[in-house]
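Asker: Quick one: this structure, given as C-alpha cells, is what I'll be asking you about.
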Amino acid sequence: MDFAYLLQSCFGFVLTALCWGFTNPFIKRGSEGIEQIKRSNWIAQTFAETLFLFTNWRYVVPLAINLSGSAVYYYTLSSADITIAVPITNSLALIFTIMAGVLVGEKLPTTKEILGMACIVLGVALCVTS
C-alpha cells in the first residue's frame, strides 16, 4: 500500500470524524429551546420546529459543518478501503464529541473514559497499519 494513499485516506477520515464528532455538542446547544414549541397538530408542530431550527444560526452552522463531513467521507471512501473507513471515522467521531463537549462546558471524562479513548486510538492505529 502506497504511503501517500494511506496518508490521504487517513486525513480524509480524520477530517470526517472531526466534522461529525466536534459539531455534535454545538448542534445540541443550537437546538435548545425547541421543546418549548407547542402547536395544535403534528403538521404545525413539525413546521414550527423546522422553522425554529433552520432560522437559528447556532444550529445551522454546526449542522452544515457536520454534513460537509459526509461529503468528505464519501469522497475519501471512493478511493479508500471501507474496512478501515468505518472504524476510523466512527471511533474518532466519539472522541471528538467528548473533546468538544468538554470545551463547551459538559462534564470532564472519567479516568475510565480516558483509558477507553486511548484504547480506541491504539485500535485505530493498529487497523490502519495492518
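Asker: Note down the net charge around THR46, summing +1 for each Lys or Arg and -1 for each Asp or Glu among other residues with Cβ under 15 Å from its Cβ.
Answerer: 0
Asker: While we're on this one: Using only the Cα atoms of the stretch 89-130, what are the Rg and Dmax in Å?
Answerer: Spelled out, the Cα radius of gyration and Dmax of the stretch 89-130 are 11.3, 37 Å.
Asker: Using the heavy atoms of the protein chains alone and a 1.4 angstrom probe, what is the accessible area of the chain per residue in square angstrom?
Answerer: Averaged over the residues of the chain, the accessible area is 65 Å².
Asker: Sort all Cα-Cα distances of the stretch 16-83 into consecutive 10 angstrom bins from zero, then give the percent of pairs in each bin up to the one containing the longest distance.
Answerer: Binned Cα distances yield the sequence 20, 36, 26, 14, 4.
Asker: OK, next. If you take every residue apart from PRO25 with its C-beta less than 13 Å away from the C-beta of PRO25, what net charge results, scoring Lys and Arg +1 and Asp and Glu -1?
Answerer: +2
Asker: Here's something else I'd like to know. Trypsin sites (Lys or Arg not before Pro) within the stretch 46-130: which are DSSP loop residues with at most 12 other Cβ atoms inside 10 Å?
Answerer: In loop regions of the stretch 46-130 (DSSP not H, G, I, E or B), the sparsely surrounded trypsin sites (Lys or Arg not before Pro) are LYS107.
Asker: Next question. With +1 on the Cβ of every Lys and Arg and -1 on the Cβ of every Asp and Glu, and nothing else charged, how large is the dipole of the stretch 1-65 about its Cα centre, in debye rounded to the nearest 20?
Answerer: Around 260 debye, computed over the stretch 1-65.
Asker: Relative contact order for the chain using alpha-carbon pairs under 8 Å, separation at least 6, rounded to a whole percent? Working shown, then result.
Answerer: Details: 124 pairs, mean separation 49.1, N = 130.
Computed over the chain, the figure is 38 percent.
Asker: Over the chain, with every protein chain in place, what whole percent of the accessible area is carbon and sulfur at 1.4 Å, could you tell me?
Answerer: 72 percent
Asker: Can you tell me the FRET efficiency between VAL128 and LYS38 if r is taken as the Cβ-Cβ distance and R0 is 35 Å, rounded to the nearest 0.05?
Answerer: Calculated value: 0.10.
The values are calculated or read from the model by the stated rules, or taken from the named source; none is laboratory data. Note that the structure is a prediction, hence the values are computed from the model and not measured. Every residue, glycine among them, receives a Cβ derived from its backbone with ideal geometry; neighbour counts consider all protein chains shown. Remember, those area values only see protein heavy atoms, side chains included, never the ligands or the DNA or RNA. Shrake-Rupley method; radii C 1.70, N 1.55, O 1.52, S 1.80 Å.
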